[in-house]
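Below is one structure, written out as structure tokens; comments come after it.
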Amino acid sequence: MQYAILSDIHGNLEALEAVLASARAQGAEQIVCLGDVVGYGPQPVECLQLLLKANATIVAGNHDFAVADRIDISNFNVFAREATLWTREQLGDEERRILSELPLVAEFDGFTAVHGTLHTPELFDYVQTTYDAHLSMQEMQQPLCFIGHSHVPITFVQDETISYHLSPTTTVSSHTKTIVNVGSVGQPRDFDARACYALYDAQRHRVERVRIPYDIDSVIAKIRRAGLPRPLGERLRAGR
Ligand code: ZN
């Protein structure tokens, strides 16, 4: 079974279409989305509909819950808050219901999917240090967990100690615990502007992160036309 693991689409339809086309070409049979389908970008409804059409399993991101009015946005930065209020206007009742009912965690045969952390998924904290990884690894019932949220691809492995690496490929052992941050489809923040996602080959226990170029200028033009804050477009070109 080949899985495509996507996170942090953020209403960027061009990036999502490019990633889904790549995943299909690579033989992905199941799409797993780690949340933040919406927020920041100009096509939240289209992104949600495309994922539903692809039969994706989706877990909740903080922006999905923010737009569905399930979490407080007073600690969001000004651009995120403005984009949340704009996105709320775009959604119909059905889309709002779907987002508000997303589960926080999903289990698959051999791995777990969550947006932020496994130890407190409802708080949408970040796994950025080996100590953060340790807290989530204590909750892992399976050898592999996919996360998103930081928009920065990184892999943590617990053997005798916990270490991390930035290599795009990881072979998962059933004797260790591995947390893979799959990066972001629609708003990468690792200074690489290309969309990022991961393929997981369950037979070979192999994870590979893939980078895909897409039409960033088109998204920036849509952000301007929508009246969304301009820096949300400029950051796409810089990948930060
Ligand atoms: Zn996000």
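Quick notes on this one:
- The criterion of at least 3 residues that are buried (at least 17 other Cβ atoms within 10 Å of the Cβ), out of contact with any Pro (no Cβ under 9 Å at 6 or more places or on another chain) and touching a residue at least 40 places away in the same chain (Cβ under 8 Å) is met by the following strands (runs of 3 or more DSSP E) wholly inside region 152-213: 195-201.
- Which numbered condition D159 fails, given (1) modelled with pLDDT under 95; (2) on the phi > 0 side of the Ramachandran plot: (2)
- A18 in a loop (DSSP other than H, G, I, E, B), away from the ligand (no atom under 16 Å from the Cβ), surrounded by fewer than 24 Cβ atoms within 10 Å (Cβ to Cβ) and in contact (Cβ under 8 Å) with a residue 60 or more places away in the chain: no
- The residue that is farthest from S136 (Cα to Cα), counting only those in region 77-101 that are away from the ligand (no atom under 14 Å from the Cβ) and in contact with a helix residue (DSSP H, G or I) (Cβ under 6 Å, 6 or more places away or on another chain), is Q90.
- Counting the residues of region 37-68 that are within 12 Å of the ligand (Cβ to nearest atom), among the small types (G, A, S) and under 18 Å from A4 (Cβ atoms) gives 1.
- Restricting attention to region 147-179, the residues that are within 16 Å of the ligand (Cβ to nearest atom) and touching a Lys or Arg at 6+ places or on another chain (Cβ under 8 Å) add up to 4.
The values are calculated or read from the model by the stated rules, or taken from the named source; none is laboratory data. Quick caveat, the model's predicted, so the values are computed rather than measured. In this analysis, Cβ positions are derived from the backbone assuming ideal geometry, glycine residues included, and neighbour counts consider all displayed protein chains.
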